[in-house]
Amino acid sequence: MAKWGRIDTLVNNAGIVQDAQFKKMTDEQFDSVIDVNLKGVYHCTKAVVDIMLEQNSGVILNASSIVGLYGNFGQTNYAATKFGVIGMMKTWARELGRKGIRANAICPGFIETPILSSIPDKVIKMMEDKVPMGRLGKPEEIANTYAWLASDEASYINGAVIEVSGGCTIWFRAKFRDLSNIT
């Protein structure tokens with residue numbers, strides 16, 4: 001505000017993981033992921049919404065995940081936050097849309113980021129095999145999607161959940177459809 005006199009776009013992108021199977025997950029693991037991934041989105045949006053309302057314009061972009069759409073083994077806390085981010089975004093799209101503020105969410109798939117550095121190569125290969133494009137995504141591909149959603153080219157997009165996953169959820173859907181035949 002001090003430099004530009006306005007806030008046009010907020011990207012709620014901070015997030016952490018503390019994975020554990022539900023039975024083994026501690027309250028501390030659950031709470032820390034909730035505090036950063038869900039409460040962080042709430043607090044950052046709360047910090048800018050009055051400015052955007054005064055301007056009668058703004059874009060709120062939230063980082064969710066394909067885990068926020070489909071869940072994932074060992075990620076009860078993370079999935080809860082990413083589902084929650086989508087719910088908040090959809091509520092804000094309804095509440096703030098008539099006031100010139102758009103809200104949308106991006107659901108990345110497997111992206112080449114430092115968060116994957118501790119994952120064994122064979123697991124990375126398995127992840128790549130689940131993506132029809134045959135590779136992990138690049139951070140700039142997610143950034144480009146945010147930039148487009150923030151632009152006037154996306155001025156009629158509000159309340160959308162956009163997967164940027166190389167099509168990996170097609171694999172998930174096909175896999176689960178195949179399992180539905182088992183009785």
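Taken together, the residues in region 80-121 that are among the polar types (S, T, N, Q) and modelled with pLDDT under 95 amount to 3.
Listed here are the residues, each with its yes/no results for (1) hydroxyl-bearing (Ser, Thr, Tyr); (2) touching a Cys at 6+ places or on another chain (Cβ under 6 Å); (3) within 23 Å of residue 158 (Cβ to Cβ); (4) in contact (Cβ under 8 Å) with a residue 40 or more places away in the chain.
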residue: 24; (1), (2), (3), (4): no, no, no, no
residue: 31; (1), (2), (3), (4): no, no, no, no
residue: 38; (1), (2), (3), (4): no, no, yes, yes
residue: 43; (1), (2), (3), (4): no, no, yes, no
residue: 49; (1), (2), (3), (4): no, no, yes, yes
residue: 57; (1), (2), (3), (4): yes, no, yes, yes
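What are the residues in region 111-125 that are exposed (fewer than 12 other Cβ atoms within 10 Å of the Cβ) and not β-branched (Val, Ile, Thr), if any? The answer is 114, 117, 118, 120, 121, 122, 125. Search region 83-111 for residues being basic (Lys, Arg) and in contact (Cβ under 8 Å) with a residue 60 or more places away in the chain, and hand back the single one that is nearest to residue 20 (Cα to Cα). Among them, the one singled out is 90. For region 111-141, filtered to residues that are in a loop (DSSP other than H, G, I, E, B) and aliphatic (A, V, I, L, M), the residue that is nearest to the chain's Cα centre (by Cα) is 136. Strands (runs of 3 or more DSSP E) fully within region 1-110 that include at least 1 residues being surrounded by 13 or more Cβ atoms within 10 Å (Cβ to Cβ), of a type in the set (A, V, I, L, M, F, W, C) and more than 16 Å from the chain's Cα centre (by Cα): 101-108. Checking the stated criteria, residue 77 turns out not to satisfy the condition of being at pLDDT 95 or above, within 22 Å of residue 155 (Cα to Cα) and not aliphatic (A, V, I, L, M).
The values are calculated or read from the model by the stated rules, or taken from the named source; none is laboratory data. Keep in mind that what you see is a predicted model, and the values were worked out from it rather than measured. Positions of Cβ are backbone-derived with ideal geometry, glycine not excepted, and every protein chain shown enters the neighbour counts.
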